[in-house]
Amino acid sequence: MHASTPTALVAAAPTLFRQGLLALFREQWPHLLLTLTADASQVAELVSRRPFGLIVLEGSLPGPGLPGLLAQLHRARPTQRLLVLDDPRTPAPRRDVLAWPGTRLLVPSQVPPQTLAAALAPWLDAAPEAAPVRAGRAYSIEGSFSPRELEVLRLVVNDYCNEEIAGQLCLSVRTVESHRRTLLHKAGTRTLVGLAARAVREGWVA
């Protein structure tokens with residue numbers, strides 16, 4: 001591996017949101033070498049074996065408690081650059097994440113992709129490559145979504161199943177299925193993974 005090749009460890013559950021996040025990374029930093037894990041207990045061991053230019057850690061990932069894991073990482077690599085995706089359902093601020101300013105960022109797990117890319121650019125050796133211009137396509141598609149479709153889309157990206165979406169929005173499962181088919185058609189995607197990836201990349205959900 002060339003010394004200048006940027007590397008990142010992504011520790012997050014294998015959800016549709018993670019798929020969208022990875023799609024964003026691959027589009028903005030095509031040369032970024034990604035290592036994936038869904039097990040928080042593996043993070044410290046992976047970091048002790050090799051350095052990473054960046055760690056993206058889902059704060060709600062099952063496994064060791066976040067404060068203990070952060071302490072392990074700090075002992076292993078005191079200057080490790082770390083982005084923690086904070087679960088918005090967590091009521092208390094994670095002061096332990098902010099204890100080492102300049103090496104750690106705490107952002108909501110649903111941060112808009114443009115904001116996330118701008119925050120990470122200084123850490124990945126170069127600014128993100130410009131995304132292909134879509135000549136207003138993203139805006140026209142977003143504008144064509146109804147408010148209800150955007151609510152369904154947000155829950156799809158958060159990996160809710162049809163029954164959970166129906167319960168959240170007080171809809172029938174059949175209505176949710178209809179909304180999902182409409183979303184796939186409007187987004188020009190064939191699968192929910194593709195839909196979630198494009199929704200995160202285009203900033204349709206926040």
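The values are calculated or read from the model by the stated rules, or taken from the named source; none is laboratory data. What you see is a predicted model, and the numbers here were worked out from it, not measured in a lab. In this analysis, Cβ positions are derived from the backbone assuming ideal geometry, glycine residues included, and neighbour counts consider all displayed protein chains. Side chains included, ligands, DNA and RNA excluded: accessible areas come from the protein's heavy atoms. Shrake-Rupley method; radii C 1.70, N 1.55, O 1.52, S 1.80 Å.
A cut-off of 5 Å between modelled amide H atoms, ignoring neighbours fewer than 5 places along the same chain, links residue 83 with 55, 56, 57, 105. Using the Cβ-Cβ distance between residue 186 and residue 159 with R0 set to 22 Å, the FRET efficiency from 1/(1 + (r/R0)^6) comes to roughly 0.65. Using 0.36 nm per residue and subtracting the Cα-Cα separation, the extra length available between residue 7 and residue 42 on full extension is 10.9 nm. For the range 166-206, the fraction of 1.4 Å probe accessible surface lying on carbon and sulfur atoms is 50 percent.
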